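The numbers here are math on the coordinates, done by the rules we state, and not lab data. Predicted, not measured: the structure shown is a model, and the values here were computed from it. Positions of Cβ are backbone-derived with ideal geometry, glycine not excepted, and every protein chain shown enters the neighbour counts.
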């Protein structure tokens, strides 16, 4: 299904869903005065029509990023609230269908209830649905207000037994999944970069997804991320969103080729050493380790542009090899099986689904049912993987429990 038919189908579904919710609400509040009902009707449908129009405008028109983000926030919160309400409405319809089919009329209550105090089962269920809708509205709104830019610095000791002595104690920082097309607060984004720089890492990894769809999304934030510097360099890789596949489609076109070229140029302008199926030798006091980076390599519908066989060429003499690979599924899908020489891999991609629980000794997110490795440090035999849950956000413009991350590693021999 193409992009436009999919969006139209989704909008039709939303309109049907809106009609269903609207009729349920109006049926419960039967005592509303005609004027009140008319005002509610106008507000309800005006909001729905404006929201759908805004979604189309955000996709096909060059709106300001802030306005596009506001539309996305409103759309996401509206759908989440109505989805929370839906089970109660369906339950009420099933209940009434059961009564209609199997019973002539409801059994009268055994205890008399005054008309003013009585509440029907339908009214109870619909009002319970409205209360349930307030739960995601509250928590997700708080995630937007408080969580979207609440950057957390996580410090990790990375044990690499073959690490050369000159590298023992050196620090490396990682950020991932910037998704600059989703941002709406430059001051907060700048504050996160300042937090990173305050850690004074010796070198930095950026593991992909600079944008959502198009390279030009980063234009408003390019000056901020250009400030990310380190004595031993900033190394980067591409993520699945950086190729323009979700905008131009899988087929190659001149516009798509230019978009990717622009992406490569942006990394260069910002001072990032972009690794596309290649490696660099990082030297300190005459000793070296390898930094390898591949293009996106994902499972299922995600693209496999990465070519590990190219990245590992001429690295056999390096005692430690650190790999930048955006999608953590690459670790189990190829690295563990075919490339035992990779000591540690650094990924992002999952975002921790921007929702869950992350404590010192326990973490949970729905994304763990999709990705076995989704946040933090993992180890199998002598190989390690670290998954950063991301600097930015995508879709839902906030975070609940899984906060944006800046990781600072201290490399240690033991």
Pulled fully out, how much extra length does the chain show between residue 359 and residue 12, if you take 0.36 nm times their separation in residues and subtract their Cα-Cα distance? 120.8 nm
Pull out the extension gain between residue 372 and residue 316, defined as 0.36 nm times the separation in residues minus the alpha carbon to alpha carbon distance; nm, one decimal. 17.2 nm
Stretched fully, the stretch from residue 185 through residue 412 gains (0.36 nm per residue minus C-alpha distance, one decimal, in nm) 78.0 nm
Sorted on mean Cβ neighbours within 10 Å (highest first), peptides 29-35, 282-288 come out as 282-288, 29-35
Express the Stokes-Einstein translational diffusion coefficient of segment 191-299 in µm² s⁻¹, to the nearest whole number, given a Kirkwood radius over alpha-carbon pairs, 25 °C and a viscosity of 0.890 mPa s. 164
Distance in nm between residue 56 and residue 157 label points, each 7 Å along Cα→Cβ, equals 5.9
Taking the alpha-carbon centroid of each part, what is the distance from segment 19-58 to segment 154-170 in angstrom? 59
Sites residue 219 and residue 257 - FRET efficiency at Förster radius 22 Å, r taken between beta-carbons, to 0.05: 0.70
Using only C-alpha positions, report the orientation-averaged shadow area of the convex hull of segment 151-412, nm², one decimal. 13.1
Expressed as a whole percent, how much of the Cα-Cα distance distribution for segment 330-375 exceeds 18 Å? 38
